[in-house]
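For reference, the structure is listed below as structure tokens.
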Amino acid sequence: MAPKTKRVIPGTTLFDGDMARKGYALNKMCFSFNSEENRQEFLKDPGAYCDKFGLNEQQKKAVISLQVLDMLAAGGNAYFIAKLGGIYKLDMQDVGAQQTGVTKEEFQAKLVAAGRE
Amino acid sequence: MAPKTKRVIPGTTLFDGDMARKGYALNKMCFSFNSEENRQEFLKDPGAYCDKFGLNEQQKKAVISLQVLDMLAAGGNAYFIAKLGGIYKLDMQDVGAQQTGVTKEEFQAKLVAAGRE
Amino acid sequence: MAKIVGGINVTHVPYIGRAIAGNLQQDAYWKPFFDGFPPVHAWLDKVKPDVAVVVYNDHGLNFFLDKMPTFSIGAAAEYSNADEGWGIPTVAPFKGDQDLSWHLIDSLIEAEFDLTTCQEMLVDHAFTLPLELLWPTRNAALRTVPICQNTVQFPLPSAKRCLAFGRAINKAIESWDSDARVVVLGTGGLSHQLEGTRAGFINKKFDLEFMDKLVSDPDWVTQYSNEDLVELTGTQGIELLNWLTCRGALGGKVKAVHTNYHIPISNTAAGLLAMETV
Amino acid sequence: MAKIVGGINVTHVPYIGRAIAGNLQQDAYWKPFFDGFPPVHAWLDKVKPDVAVVVYNDHGLNFFLDKMPTFSIGAAAEYSNADEGWGIPTVAPFKGDQDLSWHLIDSLIEAEFDLTTCQEMLVDHAFTLPLELLWPTRNAALRTVPICQNTVQFPLPSAKRCLAFGRAINKAIESWDSDARVVVLGTGGLSHQLEGTRAGFINKKFDLEFMDKLVSDPDWVTQYSNEDLVELTGTQGIELLNWLTCRGALGGKVKAVHTNYHIPISNTAAGLLAMETV
Ligand SMILES: [Fe+3]
Ligand SMILES: [Fe+3]
């Protein structure tokens with residue numbers, strides 16, 4: 001089947017059917033983090049918890065190294081990944097800074113600047 | 001609020017919003033009967049199982065006496081009630097005969113007759 | 001582009017599961033029903049579908065009233081059957097077709113059908129039994145896409161909406177960049193009523209006219225409201241909405257390949273209608 | 001018949017939950033945001049709504065990708081909040097309005113919106129925080145109806161579909177045989193993007209034009225595809241679809257009662273727009 005042509009938006013991947021399909025196991029694991037009991041079980045042995053949800057190697061590696069861009073590339077959805085971030089007390093500016101390769105302060109300064117334009 | 005005028009169909013109550021709202025607890029209990037473990041728990045103490053799902057007195061009485069028309073009047077949905085029937089090995093012709101006040105043989109004969117018309 | 005070879009509408013009474021499991025196809029009770037299928041098997045051998053899109057209604061296995069969709073669609077690699085509580089045997093899982101699922105989802109939401117998408121989905125007897133009836137020896141290569149319509153809790157989608165939904169499915173499949181051959185199934189009906197003091201209601205006259213009109217003039221059905229259809233065909237007869245969506249998915253003109261109609265299977269008028277696209 | 005008094009569109013960033021719990025409203029960081037609300041509180045005191053219809057999107061509390069509806073609606077007596085996993089405090093349940101829920105369900109399905117109906121529904125921060133912001137002292141008499149739109153998994157409903165959905169909600173509420181006064185909320189946005197190398201993206205120019213056009217000419221938004229809107233406002237900026245549905249639900253003409261716009265709250269351009277029906 002010929003690949004569909006997709007809209008290219010710089011720095012952005014739409015969470016569409018292709019990503020949803022690829023990331024299902026990862027997102028399902030993250031959905032389980034709505035429960036404190038599951039969060040604690042994950043923290044005791046992250047690798048075993050990933051295996052329980054059938055994550056592939058790429059997903060497992062991204063989770064264990066806590067690399068958000070890698071999780072996204074592996075089909076992770078931002079809202080579900082945020083629940084994993086919550087376990088490590090990462091807020092959205094930590095996550096933003098990590099993805100854009102700047103410090104949290106620099107990331108915050110960029111946001112403030114956007115308000116002055 | 002003035003009552004909506006509803007279509008009257010003889011011998012028939014549509015499972016609409018009013019019924020769905022009235023019967024939610026009863027139908028939720030019956031939905032749990034998709035699991036053998038739950039069916040066994042129900043059989044051990046039907047009254048306690050009804051209480052666990054918050055059935056009202058009318059619903060509980062209908063369930064315990066296994067009166068299908070009473071379950072319907074209490075908001076039961078035919079498909080969910082059928083799962084309760086399954087516990088007692090009642091098939092759809094047993095249930096049909098009970099509701100129409102005839103023997104199973106008479107009910108079956110009526111169906112066969114409908115094919116000859 | 002994909003090719004729609006035709007469609008098959010067929011009843012899905014749970015009781016059939018026991019007849020299949022018990023090998024009762026030639027018993028006096030079951031023979032007039034099962035004898036309807038060999039001509040359809042022969043047609044399937046001829047048109048050789050790769051994928052079956054199955055339009056059916058769930059009966060409280062995958063969906064409960066806490067999240068009850070009007071139209072839902074599977075997008076899984078595989079679909080499992082499970083214990084439904086009424087003692088019919090559970091069958092082996094069916095293979096999905098995720099490419100077609102997502103193509104349908106993209107197309108149908110663009111066409112303003114507000115789908116619920118299901119990346120996991122249990123399929124009940126209304127999906128499994130028609131496949132068992134049509135491929136009595138499991139066709140392990142056949143891929144499937146379940147499309148589920150609410151016929152359980154009013155308000156249901158109207159006949160007009162279902163026919164339009166079917167026609168949008170037709171457009172979507174025909175625009176699918178694939179060399180697959182697709183058959184569409186619509187399951188349930190025909191006239192029957194399980195509950196109330198009218199339990200056992202059957203309407204042979206209407207059913208026969210419906211089967212006729214479905215082939216020649218499916219818009220005929222849209223003159224009826226869902227309340228009309230319940231009055232005419234029973235509270236479960238309304239499952240004919242699945243037949244209507246299936247018919248819509250076949251596009252403009254079809255010819256009947258084979259029909260069968262037998263009363264009763266359990267409390268139901270059992271219909272079978274195979275159609276070829278022309 | 002019921003009366004729609006107006007509508008309020010407001011951001012719903014989870015982080016706000018901590019500010020409310022910690023009483024930080026007058027801190028330098030939070031003051032420009034919280035100072036937007038007193039004029040809206042005064043307006044609510046004047047128009048005295050009995051019911052709030054809340055158009056929002058779930059972020060993985062009530063819905064997972066196994067059953068992901070395009071449009072869903074609550075029909076419960078009460079709606080509970082719950083642990084969402086990111087450490088914001090859980091708030092007390094909100095009262096439902098089942099009469100209005102079912103009236104909406106009957107009307108909207110008749111108008112060919114393919115709803116998923118939810119007789120149980122957990123509501124996340126996108127539902128609870130706007131209510132906490134608009135009624136800082138809980139209005140225990142206020143009844144609610146949650147309406148949830150998929151802005152999480154593409155394909156999303158188009159701006160055109162959302163506006164039509166809103167307009168159908170308008171017709172439904174106006175045909176509700178009740179003397180209730182109804183306010184409609186739309187929550188989320190405005191421009192922000194949480195993920196990818198474009199994380200932190202904000203578009204003040206577009207947001208301000210959007211807020212303007214939403215009042216005077218909401219059809220203006222329908223010139224954009226969802227891909228356009230993501231490019232213009234970010235992957236989460238697309239939550240402006242909830243604002244658009246809310247605006248549709250207010251009918252033809254409205255006048256702005258109060259607006260506020262502040263950058264940033266967390267990674268987000270925080271907007272507030274209260275409109276009165278005229
Ligand atoms: Fe059925
Ligand atoms: Fe949000």
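The values are calculated or read from the model by the stated rules, or taken from the named source; none is laboratory data. Predicted model only: the values in this text are computed from it and were never measured. Glycine gets a Cβ as well: all are built from the backbone with ideal geometry, and neighbour counts include every protein chain shown. Side chains are part of the model used for accessible areas, which takes the heavy atoms of the whole protein and leaves out ligands, DNA and RNA. Shrake-Rupley method; radii C 1.70, N 1.55, O 1.52, S 1.80 Å.
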Quick check on my filter: what residues within region D:87-136 are of a type in the set (Gly, Ala, Ser) and modelled with pLDDT under 95? D:Gly87
Qualifying residue in region D:171-180 (condition: away from ligand 2 (no atom under 14 Å from the Cβ), within 14 Å of chain A (Cβ to nearest Cβ), on the phi < 0 side of the Ramachandran plot and modelled with pLDDT of 95 or more): no
Flagged in region C:246-278 as in contact with a Lys or Arg (Cβ under 9 Å, 6 or more places away or on another chain) and not in a strand (DSSP E or B), in numbering order, are C:Gly248, C:Ala249, C:Gly251, C:Val278
Name, by its number, the condition in (1) open to solvent by less than 50 Å² (accessible area, probe 1.4 Å); (2) more than 30 Å from C:Asn139 (Cα to Cα); (3) small (Gly, Ala, Ser) that does not hold for C:Ser178. (2)
Of these, C:Arg138, C:Arg161, which one is open to solvent by 10 Å² or more (accessible area, probe 1.4 Å), in contact (Cβ under 8 Å) with a residue 40 or more places away in the chain and not acidic (Asp, Glu)? C:Arg138
Quick one: which strands (runs of 3 or more DSSP E) sit completely within region C:24-115 and have at least 2 residues that are surrounded by fewer than 16 Cβ atoms within 10 Å (Cβ to Cβ) and of a type outside the set (S, T, N, Q)? none
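The rows are residues; the columns are (1) farther than 29 Å from B:Phe80 by Cβ; (2) polar (S, T, N, Q); (3) part of a loop (DSSP other than H, G, I, E, B).
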site: C:Ala164; (1), (2), (3): yes, no, no
site: C:Glu195; (1), (2), (3): no, no, yes
site: C:Phe201; (1), (2), (3): no, no, yes
site: C:Ile238; (1), (2), (3): no, no, no
Which members of region D:52-62 meet the condition of being over 19 Å from D:Val257 (Cα atoms) and either away from chain A (no Cβ under 14 Å) or within 16 Å of ligand 1 (Cβ to nearest atom) (or both)? D:Val55
Within region A:96-117, work out how many residues are within 22 Å of D:Trp86 (Cα to Cα) and either among the polar types (S, T, N, Q) or facing chain D (nearest Cβ under 7 Å) (or both). 8
The one condition in (1) more than 17 Å from the chain's Cα centre (by Cα); (2) of a type in the set (Asp, Glu); (3) outside any loop (DSSP other than H, G, I, E, B) that C:Glu132 fails to fulfil: (1)
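Residues checked against (1) closer than 30 Å to D:Ala180 by Cα; (2) away from ligand 2 (no atom under 16 Å from the Cβ); (3) touching a residue at least 40 places away in the same chain (Cβ under 8 Å):
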| residue | (1), (2), (3) |
| --- | --- |
| D:Gly7 | yes, yes, yes |
| D:Val10 | yes, no, yes |
| D:Pro32 | no, yes, yes |
| D:Asp35 | yes, yes, yes |
| D:Pro38 | yes, yes, no |
| D:Met68 | no, no, yes |
When you scan region D:204-220, do you find a residue that is away from ligand 1 (no atom under 16 Å from the Cβ), in contact with a helix residue (DSSP H, G or I) (Cβ under 9 Å, 6 or more places away or on another chain), open to solvent by 10 Å² or more (accessible area, probe 1.4 Å) and in a loop (DSSP other than H, G, I, E, B), even just one? no
Given (1) in contact with a Leu (Cβ under 6 Å, 6 or more places away or on another chain); (2) part of a helix (DSSP H, G or I); (3) open to solvent by less than 10 Å² (accessible area, probe 1.4 Å), B:Leu111 misses just (1)
Please list, ordered by first then second residue, the pairs with beta carbon atoms under 6 Å, 6 or more apart or interchain, first in region D:244-267 and touching a residue at least 12 places away in the same chain (Cβ under 8 Å), second of a type in the set (Asp, Glu) and open to solvent by 20 Å² or more (accessible area, probe 1.4 Å). D:Lys255/D:Glu276; D:Val257/D:Glu276
